[in-house]
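Have a look at the structure below before the remarks.
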Amino acid sequence: MKRLAVFIALALLAVVVWRVAYRPATPADVFLGYVEGEMLYIGPYETERVASLAVSAGAEVKKGDPLFTMSTTLLDRVRDESSARLAQLEAQVENLQAAMNRPEQIAVLQAALERAEAALELSRADYERQRKLYAKGHVAKAALDRAEMARARDEASVEEARRQVQASRMASRSQEIEAAEASLKQARAQLDALNIRIKRQGVVAPADGVVQDIFFRPGEIVNAGQPVVALLPPDNRKVRFFISEPELPKISLGERMRVTCDGCADDLFGRVSYIASRQEYTPPVIFSDKERAKLVFKAEARLEGAARALPLGMPVAIGPAPESTGAAP
């Protein structure tokens with residue numbers, strides 16, 4: 001029985017030795033590598049809160065498709081203020097350019113002055129009444145303060161209306177018109193800049209691609225330039241592989257390469273886009289049949305056609321292919 005067990009063990013050992021010694025080796029002109037991608041990390045132009053997401057991980061997008069939108073609450077308020085200031089400046093320029101003594105305009109301004117004076121008279125009377133009542137302890141201090149503020153407001157309104165009447169009776173100088181027009185031009189430029197900033201808060205895809213990851217969700221605050229979405233365009237998918245020194249002269253930039261992997265189609269190709277100028281050790285993730293400590297040169301090949309659908313991290317083999325082989329990229 002012991003002899004039988006020893007015989008079986010020796011037989012198994014011989015099979016293992018034979019498989020190691022005689023397994024088929026990788027051809028010298030075929031190199032092992034893996035699929036990589038150069039991501040586009042897309043973030044907002046300004047620090048804000050994410051308002052909404054238009055995509056999810058794995059979604060295919062076209063150039064110009066919306067990706068996410070940032071909150072524009074503060075920018076909307078600033079734009080409203082700029083719009084109001086622009087309207088005010090437009091009216092000011094129009095008034096300066098108008099005739100100096102139009103009777104209708106002067107009459108309107110005079111009527112506004114009379115209305116302001118009447119309001120001032122009423123607020124002064126109310127202030128005196130509240131002052132006397134407060135002195136006798138019949139009203140609170142808040143009522144007296146409100147009456148005093150109303151009186152001050154109406155006094156300012158009367159002064160403004162009086163100056164407008166005076167200005168309407170005198171000729172507008174060209175310098176004043178030029179200054180007002182310059183202020184108007186500046187206000188329009190500021191409003192245009194605000195509209196651009198608000199539009200840029202809706203971020204769109206800069207290229208066709210597949211959304212690989214999403215780093216922030218609606219409601220979270222994102223700093224300017226901090227990525228919210230990782231996008232991988234098809235042209236940014238590549239194979240990274242390693243060439244031994246003896247094989248290096250056989251590979252050149254721009255050369256077409258055949259890409260093979262387990263269960264993949266036969267018509268997968270790429271084109272060499274990069275060869276390192278310095279040698280390095282074979283990375284441990286590349287399971288080569290050759291000596292793993294051997295010095296190699298890192299290279300990259302841009303995938304073409306159907307090969308662009310290979311998933312990231314897929315281990316592949318890559319070797320030279322005739323230019324006429326396979327479909328056009």
_Test of understanding: among 93, 55, 78, 108, which residue is out of contact with any Gly (no Cβ under 9 Å at 6 or more places or on another chain) and within 30 Å of residue 207 (Cβ to Cβ)?_
55
_Being open to solvent by 60 Å² or more (accessible area, probe 1.4 Å) and at pLDDT 90 or above is the requirement here; does residue 54 meet it?_
yes
*Hey, residue 139 hits all of (1) surrounded by 15 or more Cβ atoms within 10 Å (Cβ to Cβ); (2) part of a helix (DSSP H, G or I); (3) in contact with a helix residue (DSSP H, G or I) (Cβ under 7 Å, 6 or more places away or on another chain) but one; which does it fall short on?*
(2)
*Where residues in the range 252-267 are open to solvent by 80 Å² or more (accessible area, probe 1.4 Å) and more than 36 Å from the chain's Cα centre (by Cα), which of them is nearest to residue 31 (Cα to Cα)?*
262
_Quick test of your reading of the structure: residue 70 fulfils all but one of (1) more than 30 Å from residue 228 (Cα to Cα); (2) touching a strand residue (DSSP E or B) at 6+ places or on another chain (Cβ under 7 Å); (3) of a type outside the set (Ser, Thr, Tyr). Name the failing condition by number._
(1)
*With respect to residue 148, is the statement that it is over 50 Å from the mean Cα position of the chain (by Cα) and modelled with pLDDT of 90 or more true?*
no
_In the range 240-249, the residues that are aliphatic (A, V, I, L, M) and surrounded by 17 or more Cβ atoms within 10 Å (Cβ to Cβ)_ = 243
*Somewhere in the range 81-104, is a residue within 30 Å of residue 216 (Cβ to Cβ), of a type in the set (Asp, Glu) and in contact (Cβ under 8 Å) with a residue 60 or more places away in the chain?*
no
*Would you call residue 69 farther than 30 Å from residue 255 by Cβ, without any contact (Cβ under 8 Å) to a residue 24 or more places away in the chain and not charged (D, E, K, R)?*
no
*Collect the residues in the range 209-239 that are closer than 30 Å to residue 272 by Cα, surrounded by fewer than 17 Cβ atoms within 10 Å (Cβ to Cβ) and either modelled with pLDDT under 90 or basic (Lys, Arg) (or both), keeping them in residue-number order.*
235
*Do we have any residue at all in the range 198-208 that's touching a Phe, Trp or Tyr at 6+ places or on another chain (Cβ under 8 Å) and open to solvent by 40 Å² or more (accessible area, probe 1.4 Å)?*
yes
*Mind checking which pairs have a first residue in the range 304-329 that is surrounded by 15 or more Cβ atoms within 10 Å (Cβ to Cβ) and modelled with pLDDT of 80 or more and a second that is in a loop (DSSP other than H, G, I, E, B) and among the β-branched types (Val, Ile, Thr), Cβ under 6 Å, 6 or more apart or different chains?*
317/30; 319/30
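Residues checked against (1) among the aliphatic types (A, V, I, L, M); (2) under 30 Å from residue 226 (Cβ atoms); (3) part of a strand (DSSP E or B):
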| site | (1), (2), (3) |
| --- | --- |
| 44 | no, yes, no |
| 51 | yes, yes, yes |
| 83 | no, no, no |
| 87 | yes, no, no |
| 93 | yes, no, no |
| 96 | yes, no, no |
| 104 | no, no, no |
*Within the range 82-97, can you find the residues that are surrounded by 16 or more Cβ atoms within 10 Å (Cβ to Cβ) and of a type in the set (Ser, Thr, Tyr)?*
82
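The values are calculated or read from the model by the stated rules, or taken from the named source; none is laboratory data. Computed from a prediction, not measured in an experiment: that's the story for all the values here. Note that each Cβ is placed from the backbone with ideal geometry, even for glycine, and that neighbours are counted across all protein chains shown. Calculation scope for accessible area: heavy atoms of the full protein, side chains included, ligands and nucleic acids excluded. Shrake-Rupley method; radii C 1.70, N 1.55, O 1.52, S 1.80 Å.
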